[in-house]
Amino acid sequence: MYQWILVAAISNPWAHQITPSAGSAEAIGGYAAGCLQGAVALPEHGTGYQILRPRQKRFYGHPVMEQYVLDLARQARKMGLPDILVGDMAMAKGGPFSSGHRSHQSGLDTDFWFKFAHKKLSAKERNALKPLDMVNFQKNTINSNFGPQQMTLLKLAAQDPRVERIFVNPPIKKAMCDQFSASDPAWLRKLRPWFGHSAHFHVRLHCPVGSKDCESQKPFPAGNGCGAELASWLNKPAMVSSKPVANPMPDLPARCDLLLSNKKP
Ligand SMILES: [Zn+2]
């Protein structure tokens, strides 16, 4: 689809954007080759949630994503869960990260930790907090950290019609299949096994109405994904996240250049 060009991290202009662009909110391009016009910043904390690593300023998103996070946090509170911890969303104008995430570029991706906050944490604490892994990579199973609260949060997250898919490590998908596949709820298929994602899950939303240049991802196979597909993942070696490396710079839609140059969209 796009050609990839390797660019040194230092020359990534997206990482230096500190304010959202003017113009109405639009997710432009693909999840892994795009940018975000008219981003909104999620407040650092609110009912049922707290933002992680506020220092990194990766708390921008399309307004649809902001509303999704607020709604999920309120529902989680209603279900009696502790505060949810919101990880990386997008940068102020979206665009590619220098290292780490390949996606999170168009304001429609957000990471949520499986670990909860049991009290109000200071910004300093939230900048330094360590994640909690849910997977035993030797056995390729969940560990004892993954329990009913994580299941409730994942179910709430996936039930929302705005969600296109959610990435989780394969043993986490298996635990959800074991718990819920008997009643075969429609949301279960949205949980997609992937590398990493053992201390957090990654929510991806559908292209919002009004984002005419937003590119949808290819649909995933029919069915709840609890059968042969999951088995094929579990038969591979444990899907540990790869070490962060410098990302190739994707060839972005031309409209993204306008956001960077602050020209009228
Ligand atoms: Zn992510």
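Readers should treat all values here as calculations from the given coordinates under stated rules, not as data from a laboratory. Just so it is clear, the structure is predicted and the values come from calculations on it, not from any experiment. Here the Cβ is made from the backbone with ideal geometry for all residues, glycine too, and neighbour counts use every protein chain on show.
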**Message:** Taking θ = phi - 60°, what integer Hz values does the Karplus form 6.51 cos²θ - 1.76 cosθ + 1.60 yield along the stretch 47-60, in sequence order, with x for Gly and Pro?
**Reply:** 4, x, 8, 9, 8, 8, 6, x, 4, 7, 6, 10, 10, 9
**Asked** Looking at the stretch 1-107, which GluC sites (Glu not before Pro) are in a loop (DSSP not H, G, I, E or B) and have at most 15 other Cβ atoms within 10 Å?
**Response** GLU44
**Fill in**
Sorted by chain and number, the residues with a modelled amide H under 5 Å from that of VAL135, at a separation of 5 or more or across chains, are ASN143
**Prompt:** Can you give the extra length, in nm with one decimal, that the chain gains between LYS124 and ARG55 once fully stretched, where that is 0.36 nm per residue apart less the Cα-Cα distance?
**Reply:** 24.0 nm
**Over 19 Å (Cα to Cα) - which of LYS124/LYS155; LYS139/LYS236; LYS155/LYS212; LYS115/LYS155; LYS78/LYS174 fall in this group** = LYS124/LYS155; LYS155/LYS212; LYS78/LYS174
**Message:** What FRET efficiency comes out for ASN136 versus ASN262 if R0 is 35 angstrom and r is the Cβ-Cβ distance? Round to the nearest 0.05.
**Reply:** 0.10
**Item:** Folded to 0 to 90 degrees: helix 170-180 orientation relative to the chain principal axis, Cα
**Value:** 60
**Request:** Let me know the shape class of the stretch 60-134, please: from the alpha-carbon gyration tensor, a ≥ b ≥ c as square roots of the eigenvalues, rounded when a/c is under 1.5, otherwise prolate if a/b is greater than b/c, or oblate.
**Result:** oblate
**Request:** Neighbouring Cβ atoms within 10 Å as the yardstick, rank ASP109, ASP184 fewest first.
**Result:** ASP184, ASP109
**Asked** Could you give the angle, 0 to 90 degrees to the nearest 10, between helix 63-78's Cα long axis and the longest principal axis of the Cα atoms of the chain?
**Response** 30
**Asked** Amide H of GLY34: which non-local residues (sequence gap of 5 or more, or other chain) have their own amide H closer than 5 Å, using H built in the peptide plane?
**Response** GLY95
**Message:** For a quick check, take a GNM of the chain with Cα springs below 10 Å and name the residue from GLY107, GLY38, GLY95 with the largest mean-square fluctuation.
**Reply:** GLY38
**Request:** Just rank HIS118, HIS101, fewest to most, by other beta-carbon atoms within 10 angstrom.
**Result:** HIS118, HIS101
**Request:** Quote to one decimal, in nm, the extra length available between THR47 and ARG77 on full extension: 0.36 nm per residue of separation minus the C-alpha distance between them.
**Result:** 10.1 nm
**Request:** Give the percent of DSSP beta bridges with both residues in the chain that are antiparallel, rounded to the nearest 5.
**Result:** 80
**Message:** Using only Cα atoms and rounding to the nearest 10 degrees, what angle (0 to 90) does helix 148-159 make with the longest principal axis of the chain?
**Reply:** 50
**Item:** Prolate/oblate/rounded label for the chain (Cα gyration tensor, a/c 1.5)
**Value:** prolate
**Message:** For a test of the definition: using alpha carbon positions, the gyration tensor, and the 1.5 limit on a/c, classify the stretch 14-57 as rounded, prolate or oblate.
**Reply:** prolate
**Asked** Within the stretch 104-181, which trypsin sites (Lys or Arg not before Pro) sit in a loop by DSSP and count at most 10 neighbouring Cβ atoms inside 10 Å?
**Response** LYS119, LYS120, LYS139
**Request:** For each of MET65, MET249, count neighbouring Cβ atoms within 10 Å of the residue's Cβ, then give the residues from fewest to most.
**Result:** MET249, MET65
